[in-house]
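> Dropping the structure in here first, questions after.
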Amino acid sequence: DDLPKEIEAFESFSRGTSLEISEDRPATAAVGTLLICILCGVAAGAFGIYIDEKEHDKTPIDLSKKRVVDDPDPLEKLIQTLILTFRRNHLVVGMLVKHRKLTREKRVWIMMVAGLSTQ
């Protein structure tokens, strides 16, 4: 086992330096990542506003009364209904579809707040 030799070598090279972990240093390691996340969120929000305004004549998916897709095959009916439900109600999957209440801009801000709260 070379551990005692490695510890001895480390101690000989580090004479006169502090080996404390809790030194007073600013924690700037995550600032770059945080800044990139914020800039991407702002850009995605602006893009969402642009797309929502561009699609102002489309009918929002949450205004349709249809909850179940009509298909003669039961398996296809189930799969298409699940896809419709996810497009209508899911935060990320529904990003490609226009909604009346939860616009793309709001979805981006929700995802950004959720992501930044876990940082």
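None of the figures in this text is laboratory data; all of them are computed from the coordinates on show. Predicted, not measured: the structure shown is a model, and the values here were computed from it. A quick note on method: Cβ atoms are made from the backbone with ideal geometry, for glycine too, and the neighbour counts reach across all protein chains shown.
> Would you pull out the residues with amide H under 5 Å of LYS98's amide H, same chain only if 5 or more places away, H placed 1.01 Å from N?
HN-HN under 5 Å from LYS98: ILE61.
> Round to the nearest 0.05 the FRET efficiency obtained for ILE83 and ILE49 when R0 = 30 Å and r is the Cβ-Cβ distance.
Numbers: r = 26 Å, r/R0 = 0.87.
Between ILE83 and ILE49 the formula returns 0.70.
> For segment 32-71, state the average projected area of the convex hull of the C-alpha atoms over all orientations, rounded to one decimal in nm². Show your work: numbers first, answer last.
Numbers: hull surface 19.2 nm².
If I average the Cα hull's projected area over directions, I get 4.8 nm².
> Which length gain, in nm to one decimal place, applies between LEU34 and LEU63 when the Cα-Cα distance is subtracted from 0.36 nm times their residue separation? Write down the numbers at each step before the final one.
Numbers: separation 29, 0.36 × 29 = 10.44 nm, distance 3.66 nm.
Taking 0.36 nm per residue and subtracting the Cα distance, the gain is 6.8 nm.
> Give me the extension gain from ILE7 to HIS56: residue separation times 0.36 nm, minus the current Cα-Cα distance, reported in nm with one decimal.
Details: separation 49, 0.36 × 49 = 17.64 nm, distance 6.76 nm.
Roughly 10.9 nm would be gained on extension.
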